[in-house]
Amino acid sequence: MAEESKKTEQPFEYLLRALQEGEARRLSQCLEAIDHRLLDCGKSLAEYRRARMILRSINRNLARLGAEPVPSVPDELPTADLSEAIHRRIDHIKSKGTI
């Protein structure tokens, strides 16, 4: 009788293991996608800083030459640190009760 219960448990154990592996794989893929997004955000942040510096330089040169500076130079981001920006976003999402 003990052998019969082991035989009936095996399919459930297999199913449980398969579900667990599937969930682990999905979580791993999700974390990998987050990693890629973070790298993309870092690149975007660096590009934003570069573009802003160029525009500020152009404005200084225009002013020096007596021309009107471009009024719409983008504002500095609240933080230039990607890690800090991510923490702020997480805090913002938490404050909404989403996570």
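The values are calculated or read from the model by the stated rules, or taken from the named source; none is laboratory data. All values derive from a computational prediction rather than experimental measurement. FYI the Cβ positions are ideal-geometry reconstructions off the backbone, even for glycines, and counts take in every protein chain you see.
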Cross-chain or 6+ apart pairs with Cβ under 9 Å, the range 39-66 first and free of Cβ contacts under 8 Å to residues at least 40 places away in the same chain, then surrounded by 11 or more Cβ atoms within 10 Å (Cβ to Cβ) and assigned to a helix (DSSP H, G or I): Ala46/Leu82
By residue number, the members of the range 67-99 that are within 22 Å of Asp35 (Cα to Cα) and of a type in the set (Asp, Glu) are Asp81, Glu84, Asp91
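Give me the residue from the range 19-61 that is among the aliphatic types (A, V, I, L, M) and more than 30 Å from Val73 (Cα to Cα) and, out of that set, farthest from the chain's Cα centre (by Cα). Outline the logic, then answer.
Of all residues in the range 19-61, those among the aliphatic types (A, V, I, L, M) come to 19, 24, 27, 31, 33-34, 38-39, 45-46, 51, 53-55, 58.
Cutting the leftovers down to more than 30 Å from Val73 (Cα to Cα) gives us 19, 24, 27, 31, 33-34.
Working: Leu19: 27, Ala24: 20, Leu27: 15, Leu31: 10, Ala33: 9, Ile34: 5 Å.
Among residues in the range 19-61 that are among the aliphatic types (A, V, I, L, M) and more than 30 Å from Val73 (Cα to Cα), the one farthest from the chain's Cα centre (by Cα) is Leu19.
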If we keep just the residues of the range 27-77 that are surrounded by fewer than 10 Cβ atoms within 10 Å (Cβ to Cβ) and either touching a helix residue (DSSP H, G or I) at 6+ places or on another chain (Cβ under 7 Å) or farther than 28 Å from His92 by Cβ (or both), which is modelled with the lowest pLDDT? Pro71
So which residues in the range 62-99 are over 32 Å from the mean Cα position of the chain (by Cα) and outside any loop (DSSP other than H, G, I, E, B)? Leu62, Ala63, Arg64
